[in-house]
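Here the structure comes first, spelled out in structure tokens, and everything after it is commentary.
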Amino acid sequence: MAWVVRGEFRKLWIGQLVSASGSAVTTVALPLVAVVSLQASAVQMGALAALTIAPHLVFGLLAGVWVDRWSLRRVLIWTDVGRLFMLGSVPAAAALGWLRIEQLYAVAVLTGVLTLLSDTASQTMIPWLVPRAELMQANSAALLNLNLASTLGPSAAGFLVQLLTAPFAIVVDAASYVVSTVAAYLIREPARGAVPERSQVRLSAGLRVLFGDRMLRPLVVSAAVAAMAGAMQGPLVVLFLIRELHKSPAFVGLSLTAFGAAAVAGTFVAPGWCRRVGIGRSYLSGVFLASLNGVALFTGVTPLILLGQVLAGLGMSLFAVPQRTLRQSMAPPHLLGQVTASWRTLVIGGQTVGAAVSGVLATAIQIRPTLLLATGGMLGGLLIALCSPLRDLRELPEEASGRRSIATH
């Protein structure tokens, strides 16, 4: 990634890498605080998980409006500072003996809102920091951050919780925002032109762009359907491996590591694959590979389960890099924040529905049929894209006017 992680983008990339790594620790540590330190019930744990996701659904469209009107650099700085104090309050309260589950609820919601704003701003900023010819590689590098953090973070979190206890492991995440704040402060933000007119600042603006374009419309529908179906698998994987197949916890860890390692490798492969087969077919091939995981799990055969995890990790990178690049390149520059936020609202909303439905279906029809149903849903998302102009799209369309990059050409 050295050829693209340079200039102003390098500052953004370093800051996001550090903060993503810290966030991966909190993803594990915060539920452990609730379970170990506060003896939270199953209902309280469910509420904590829901409150972590809720800001994306409740404030997603608003976040796009705000990001398009505010300085991206200032959004990154203040959201990092806010998360530093929010997360720092957990170990502080634990040290004083004041920690309560209500505080964890508040931290989950407020950090969720700040993360939503930060993620929307960082994705919106990327096309302004790199030349158009390097946008695909830049998105691959940004996705590498998330894949590395999600692969290595849980293991690091387990070690830190064991060493420091859960509340104080969160200090690592809080400290990571100091680094990302400094990195954001050093970014020389490009001028984005005039602030959008009041008539353009509406909650529906991003949705109108997504559903009004012949390429973006099937892409967002396909991604939302595939995300919903894929999320049906997520909550069931560990349950299926342990209770149905009687696999060891070590095997569960191995399978999740195989997924993460393949996703990391996929971020390096994706740009070249897009150039070889075209943007549209890269997206299609990625969704197809990811959909095979449900079938592999259904068989219960150990080598196939591991292969399915590898294909799912690889597929995720192969479809994520081209869809993000295509969305950034086709959205009007002054509405890019709203388009990004609208996309996240629809896709994360789909994941929320899928995760909620999975437990109901698994109870009603058992886990194995639910895994196959999830695969069918992902293939349905694939079919939507396959029957659209995306199938024949090889290169990025003409550049949207009005974007000025400060990247070194």
Based on the mean of other beta carbon atoms within 10 Å per residue, what is the order of 236-242, 99-105, 171-177, 309-315, most packed first? 309-315, 171-177, 236-242, 99-105
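Using a 1.4 Å probe on the protein heavy atoms, what percent of the accessible area of the chain belongs to carbon and sulfur?
69 percent
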Report the Cα-based extents of the chain along its three principal axes, largest first, to the nearest Å. 55, 51, 39
On the formula 1/(1 + (r/R0)^6), with r taken between the Cβ atoms of A364 and S37 and R0 of 60 Å, the FRET efficiency rounded to 0.05 is 0.95
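Indicate the helices, whole DSSP H runs only, in the chain that combine a mean Kyte-Doolittle hydropathy of -1.0 or more with a Cα extent along their long axis of 30 angstrom or more. Intermediate values should be presented prior to the final figure.
Values: long enough: 7-32 (39 Å, 0.68); 72-96 (36 Å, 1.05); 101-129 (41 Å, 1.00); 135-164 (41 Å, 1.03); 166-186 (32 Å, 1.57); 216-239 (36 Å, 1.58); 249-277 (40 Å, 1.07); 279-299 (32 Å, 1.13); 302-330 (42 Å, 0.79); 336-365 (42 Å, 1.05).
Correct list, ordered by number: 7-32, 72-96, 101-129, 135-164, 166-186, 216-239, 249-277, 279-299, 302-330, 336-365.
Would you calculate, for the chain, the mean residue ellipticity at 222 nm contributed by helices, counting each DSSP H stretch of 4 or more residues as -39,500 (n - 2.57) and dividing by all residues, to the nearest 500?
Numbers: 14 runs with 319 residues, N = 409.
It comes out at -27500 deg cm²/dmol, rounded to the nearest 500.
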Can you tell me what percent of all Cα-Cα pairs in region 1-143 are more than 21 Å apart? 49 percent
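I need the shape label for region 211-265. Rule: rounded when a/c is under 1.5, else prolate if a/b > b/c, else oblate, with a, b, c from the alpha carbon gyration tensor.
Working: a/c = 6.80, a/b = 2.24, b/c = 3.03.
Verdict is oblate for region 211-265.
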Run the numbers on the chain and let me know its relative contact order in percent, using alpha-carbon pairs under 8 Å that are six or more apart. 28 percent
Given bins 5 angstrom wide, list per bin the percent of all Cα-Cα distances in region 167-306, short to long. 2, 7, 10, 12, 12, 14, 16, 14, 8, 4, 2, 1
Simple spin-label estimate for V277 and A49 in nanometres, 7 Å along Cα-Cβ: 3.3 nm
Where nothing but the Cβ of Lys and Arg (+1) and of Asp and Glu (-1) is charged, how large is the charge dipole of the chain around its Cα centre, in debye to the nearest 20? 620 debye
Connecting C-alpha atoms closer than 10 Å in a GNM of the chain, tell me which of L164, L144, L62 has the biggest fluctuation. L164
Determine the per residue accessible area of the chain with all protein chains present and a 1.4 angstrom probe, expressed in square angstrom. 43 Å²
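The values are calculated or read from the model by the stated rules, or taken from the named source; none is laboratory data. Just so we're clear, the structure is a prediction, and the values are computed from it rather than from any experiment. Ideal geometry is used to build each Cβ from the backbone, glycine not excepted, and the neighbour counts take in all protein chains shown. Surface accessibility is based on the protein's heavy atoms, side chains included, excluding ligands, DNA and RNA. Shrake-Rupley method; radii C 1.70, N 1.55, O 1.52, S 1.80 Å.
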